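Peer 1: One structure coming up, written as structure tokens, with questions to follow.
The values are calculated or read from the model by the stated rules, or taken from the named source; none is laboratory data. As the structure is a computational prediction, the values presented were derived from the model and not from experiment. Cβ sites come from the backbone with ideal geometry, for glycine too, and all protein chains shown count toward neighbours. In case anyone asks, the SASA skips ligands and DNA or RNA and just uses the protein heavy atoms, side chains included. Shrake-Rupley method; radii C 1.70, N 1.55, O 1.52, S 1.80 Å.
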Amino acid sequence: PLSDREIRDETVTLYIGGHETTSSTLVWAWYLLSRNPRVRAALTEELDRVLADHEPGHDDYASLPYTQAVVKETLRLYPTVWLITGIARKGATLGGVPVPAGTRVWSSQWATHRDPRWYRDAEAFRPERWLTDEDGEPAERIPEYAWFPFGGGPRVCLGTRFALVEAVLVLAVLARRHHLDVAAGEIRPVPSLTLQPDREVIATVRTRT
Ligand code: HEM
């Protein structure tokens, strides 16, 4: 059984890992949507068409591919966890560089997610890249692990599925009814424990008519 101390630690991990990550992702999503009216229009078109007049619930998740793509694309450009680390258990050679066992290795979501080798027009906010055509063919061939906002391997984020469903549904609930217009100016990310905006993000809420 877990000790009281371990239960406390697990609880703190869930709070930190489970709250700030998803809420920051949504802040970046609103920022990107505000700056990309074409994407915002496509998002609201999907929400109006799929949801009509009902509030989104878990069963709607699978029917909202564009909303899912908006969240995926946000996590690509602004991965709230932007750097992860691990220790090599075995020695290896990576890109010609010897990595002896015991070496601490860092990998950056930020750098990989914006690498033009893996993404067409890598700096652009283009949720369409995550969609498939009528034959189920992906719009873009994105290699596995070119997108890893939740890490990977045995220590992959435990909340991956939960976070995606939560972010998509919260976005759908709000975007269905409101536009959030983020005040003008570039908001730069600050690489703290998570990727934070460099200032308070002020938005004007407009109710959609
Ligand atoms: C957008 C939201 C989220 C992002 C970007 C995110 C990202 C990550 C990343 C990068 C890791 C480390 C993986 C590794 O080292 O390979 C991680 C671990 C973890 N995450 Fe998340 N996470 C998110 C949401 C959540 C939520 C909602 C929960 C819980 C409800 C959660 C619980 C955890 C836990 C418990 C771990 C530790 C897993 C382990 O070490 O075995 N995360 N997360």
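Peer 1: Separation between the Ala146 and Ala203 pseudo-spin-labels, each 7 Å from Cα along Cα→Cβ, expressed in nm?
Peer 2: It works out to 2.9 nm between the two label points.
Peer 1: Further, regarding this structure: Just subtract the alpha-carbon distance of Asp4 and His54 from 0.36 nm times their residue separation and send over the number in nm, one decimal.
Peer 2: 13.7 nm
Peer 1: Related question: Which of the peptides 140-147, 96-103, 125-132 is most tightly packed, and how do the rest follow, judged by the mean count of other Cβ atoms within 10 Å per residue?
Peer 2: 125-132, 140-147, 96-103
Peer 1: With all protein chains present, how much of the accessible area of the stretch 1-87 (probe radius 1.4 Å) comes from carbon and sulfur, to the nearest whole percent?
Peer 2: Carbon plus sulfur share of accessible area: 60 percent.
Peer 1: Using R₀ = 35 Å, calculate the FRET efficiency as 1/(1 + (r/R₀)^6) where r is the Cβ-Cβ separation of Arg120 and Glu186; round to 0.05.
Peer 2: Details: r = 23 Å, r/R0 = 0.65.
In this case the efficiency is close to 0.95.
Peer 1: Where does each of 161-170, 72-81, 47-56 land if you order them by average Cβ count within 10 Å, highest first?
Peer 2: Ranked from most to least packed, the peptides come out as 72-81, 161-170, 47-56.
Peer 1: Per 0.36 nm of contour for each residue apart, how much would the distance between Val99 and Leu174 grow if the chain were fully extended, relative to their Cα-Cα spacing?
Peer 2: Values: separation 75, 0.36 × 75 = 27.00 nm, distance 4.68 nm.
Between Val99 and Leu174, full extension yields an extra 22.3 nm.
Peer 1: Using 0.36 nm times the number of residues separating Ser23 and Glu45, minus their current alpha carbon distance, what extension gain do you get?
Peer 2: 5.5 nm
Peer 1: Between the helical axis of 160-177 and the dominant principal axis of the chain, each derived from Cα atoms, what acute angle in degrees is found, rounded to the nearest 10?
Peer 2: 20
Peer 1: Still on this structure: Label the stretch 3-149 by shape, choosing from rounded, prolate and oblate, from the square roots a ≥ b ≥ c of the eigenvalues of the Cα gyration tensor; if a/c is under 1.5 it is rounded, and otherwise prolate applies when a/b is larger than b/c, oblate when it is not.
Peer 2: oblate
Peer 1: With the Cα gyration tensor of the stretch 144-189 giving a ≥ b ≥ c as the square roots of its eigenvalues, does the rule (a/c under 1.5 for rounded; else a/b larger than b/c for prolate; else oblate) give rounded, prolate or oblate?
Peer 2: Oblate.
Peer 1: Just to compare against my own numbers: the Cα pair-distance distribution for the stretch 104-146, 10 Å bins, whole % per bin, please.
Peer 2: Result returned by the calculation: 25, 49, 20, 5, 0.
Peer 1: Magnitude of the Cβ-charge dipole of the chain, K/R +1 and D/E -1, about the Cα centre, nearest 20 debye?
Peer 2: That gives the chain a dipole magnitude of about 720 debye.
Peer 1: Projected onto the charge dipole of the chain (+1 at Lys/Arg Cβ, -1 at Asp/Glu Cβ, origin at the Cα centre), which of Gly18, Leu77, Trp130 gives the Cα projection farthest towards the positive end?
Peer 2: Value: Leu77.
Peer 1: Still on this model: Heavy-atom accessible area per residue, the chain, 1.4 Å probe: how many Å²?
Peer 2: With the other protein chains kept in place, the chain gives 61 Å² per residue.
Peer 1: What residue among Gly57, Ala101, Pro149 has its Cα farthest toward the positive end of the dipole of the chain, where the charges are +1 on Lys, Arg and -1 on Asp, Glu, each on the Cβ?
Peer 2: Positive-end residue among those listed: Ala101.
Peer 1: Under the classification rounded if a/c is under 1.5, otherwise prolate if a/b is larger than b/c and oblate if not, where does the stretch 1-54 fall, given a ≥ b ≥ c as square roots of the Cα gyration tensor eigenvalues? Don't skip to the answer; put the middle values down first.
Peer 2: Working: a/c = 7.15, a/b = 2.49, b/c = 2.87.
The shape class here is oblate.
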